[in-house]
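Report on the structure given below.
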Amino acid sequence: MEHSATKQDERPAQAKTRGRTNLVAKVSGELRRAILAGEILAGERLPSEAGLTRQYEVSRTVIREAIASLRADGLVEARQGAGVFVISNQPSASQPFRSFDPARISSIIEVLELRTAVEVEAASLAAARRSPAQDEAIHERLSEIGQHIARGEPTIEADFAFHLAIADATNNPRFREFLEVMGRNVIPRTSLQDSDVEHTPGDYLARIQAEHRRIADAISAQDETAAQEAMRIHLKGSQQRYRTMLRRG
């Protein structure tokens, strides 16, 4: 009976995820068609996130994921403080991670395994190489996650920014490039976020944030072994949680 109730409880969330995935496909498909048809030329800026939200009558999360899909195709790029610009009217020949489906638990586990292979080493390098300014940036991103949790706001963007700050602290630009290619879907709970309100349970966020703090503190202390272990525990824990969900069916 408990297993049956659990499956019934998961159905609304799964239906909601499928609905949002369909909206992302619809918006990204229309924007992609406009770009490939030359209706929006290379060098031109896309409408703002707020403008696209109004135009397509969807959430900001849907717009961000649609833009991420176009970025993966090599069609657009985000420029800090300026917006999102079309960089090509032809899709890139190389389109990594196109088969990744954030609505599938198996896909999430695959990405978490890949992240573990890369980010455990990134944490070690960050501990060894980080500058005082990079150490400060990591803790600022950590604080931002805490602020979003306190306000009941989505934490996905702040969480992604935290991991990017660690990648930057390696002083090897390939680590940031790796995360940017994969996009914000590297944060597993992205598939559960479909509005501007955080739906992830508070106790889960508190546990994740405690794991983040241990990573940040180890990097700050320049303890390479502790940083590696803290990141490994963080990502392996996420893998285990999603494997449990997969076994439940």
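The values are calculated or read from the model by the stated rules, or taken from the named source; none is laboratory data. Owing to the predicted nature of the structure, the values given are computational and were not obtained by experimental measurement. Cβ coordinates were reconstructed from backbone atoms using ideal geometry, including for glycine residues, and neighbour counts include every protein chain displayed. With ligands, DNA and RNA removed, areas are computed over all heavy atoms of the protein, side chains included. Shrake-Rupley method; radii C 1.70, N 1.55, O 1.52, S 1.80 Å.
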Notebook entry, point to check: Across region 65-82, which residue is modelled with the highest pLDDT among those that are open to solvent by 30 Å² or more (accessible area, probe 1.4 Å) and assigned to a strand (DSSP E or B)?
Noted result: E77
Next item on the list: Taking I187 as the residue in question, decide whether it is open to solvent by less than 10 Å² (accessible area, probe 1.4 Å), without any contact (Cβ under 8 Å) to a residue 40 or more places away in the chain and β-branched (V, I, T).
Entry: yes
Checklist line | Selected residue (criterion: most open to solvent (accessible area, probe 1.4 Å)) from residues of region 147-159 that are of a type in the set (G, A, S) and out of contact with any helix residue (DSSP H, G or I) (no Cβ under 6 Å at 6 or more places or on another chain) | finding: A150
Item checked: Matching residues in region 186-208 - criterion: being assigned to a helix (DSSP H, G or I) and at pLDDT 65 or above -> V186, P188, G202, D203, Y204, L205, A206, R207, I208
Next item on the list: Please name all residue pairs, on different chains or six or more residues apart, with Cβ atoms under 6 Å, provided the first residue is in region 137-155 and is polar (S, T, N, Q) and the second residue is open to solvent by less than 30 Å² (accessible area, probe 1.4 Å).
Entry: T155/I145
Notebook entry, point to check: Do we have R213 as assigned to a helix (DSSP H, G or I) and at pLDDT 85 or above here?
Noted result: yes
